[in-house]
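The values are calculated or read from the model by the stated rules, or taken from the named source; none is laboratory data. Fair warning: this is a prediction, and the values are worked out from it, not measured in the lab. FYI the Cβ positions are ideal-geometry reconstructions off the backbone, even for glycines, and counts take in every protein chain you see.
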Amino acid sequence: MRFLLTGRGLAGVVLFCCLGLVACTPQVPAQHDGENHREQSDQGVGHAGSLPHLRVEVTNVLPHDRSSFTQGLELVGDTLVEGTGTYGGSVLRALDPATGAVHRETRLSPELFGEGITVVGDRIWQLTWQEGVAIERDRATLAELRRVAYQGEGWGLCHDGSRLVMSDGSARLTFRDPVTFAPAGEVTVRAEDEEVGELNELECAGGAVWANIWGSDEIVRIDPASGRVTAVADASGLLAPHERAGTDVLNGIAAIPGTDEFLITGKYWPHLYRVRFVPR
């Protein structure tokens, strides 16, 4: 029997270990949601030399729960909404970004693997990985209101003010109705005519879609009308070497309204970083 030590596969290993069916000591995973592991150096679009390349300028370092396998991040007023993954450990919480204090929290049922989230008015939409359901929640209480089925995998989600934008781990972004969740078009993301896959957590800000690329330390800025990548931000080097142990990939980006700054973090990271993306 083979177990894949991804963030999702780890939960199955833990369960089997706890039941005494397998003698093992599972390690914190070093790879993302997908089952096909690739070396991180193979990911990203840093080779696209003609694109504007940005660097991350850190303006503040904030606490982050190291147990969080971060899948979605969004700032609404002074509340940070974070969705996490893993089977049996997926959580949606509302917290204070300055202190990390949790105001409200709800757990997904064990058979659901939480993915990207976004806030639409007084509602929150939350994706699941391979379960094919989006969960609509009450923003104030985090209570589940209904579930809507969709085809394919769910990875990242954001709201551009009029529609939802969803990623599924491919080079495709799907636009959806924010009320019904019905698909309303799609676009393929390209950088210098090459498709850019592994699009993960999303943030809609300033007319653009910002996307983590799984397996890399890059965040790309995308024109949603054409699918063209308009800039590449290098977020490498945020964690000190002694902080890397037990962490997973960069994932999680939230625009700070009224500013040109963002909050970014990673899966099992000890910090949340307030940053600007500035020219190299």
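So in the stretch 160-170, with the set limited to residues that are touching a residue at least 40 places away in the same chain (Cβ under 8 Å) and closer than 13 Å to ALA184 by Cβ, which one is surrounded by the fewest Cβ atoms within 10 Å (Cβ to Cβ)?
ASP160
Of the residues that make up the stretch 47-59, is at least one surrounded by 14 or more Cβ atoms within 10 Å (Cβ to Cβ), within 19 Å of the chain's Cα centre (by Cα) and farther than 17 Å from ILE219 by Cβ?
no
Restricting attention to strands (runs of 3 or more DSSP E) lying wholly within the stretch 185-280, give those where 2 or more residues are touching a residue at least 60 places away in the same chain (Cβ under 8 Å), touching a strand residue (DSSP E or B) at 6+ places or on another chain (Cβ under 9 Å) and within 14 Å of HIS64 (Cβ to Cβ).
250-255, 261-266, 271-279
Read through the list (1) more than 14 Å from the chain's Cα centre (by Cα); (2) modelled with pLDDT of 95 or more, then give the number of the only condition that ASP193 fails.
Failing condition for ASP193: (2).
What number of residues in the stretch 138-162 are over 18 Å from the mean Cα position of the chain (by Cα) and either among the aliphatic types (A, V, I, L, M) or closer than 14 Å to TRP125 by Cβ (or both)?
The total comes to 12.
Mind counting the residues in the stretch 210-227 that are surrounded by fewer than 19 Cβ atoms within 10 Å (Cβ to Cβ) and charged (D, E, K, R)?
Number satisfying all stated conditions: 1.
Starting from residues that are touching a His at 6+ places or on another chain (Cβ under 9 Å) and more than 22 Å from ARG137 (Cα to Cα), keep the ones in the stretch 60-102 and report whichever is surrounded by the most Cβ atoms within 10 Å (Cβ to Cβ).
HIS64
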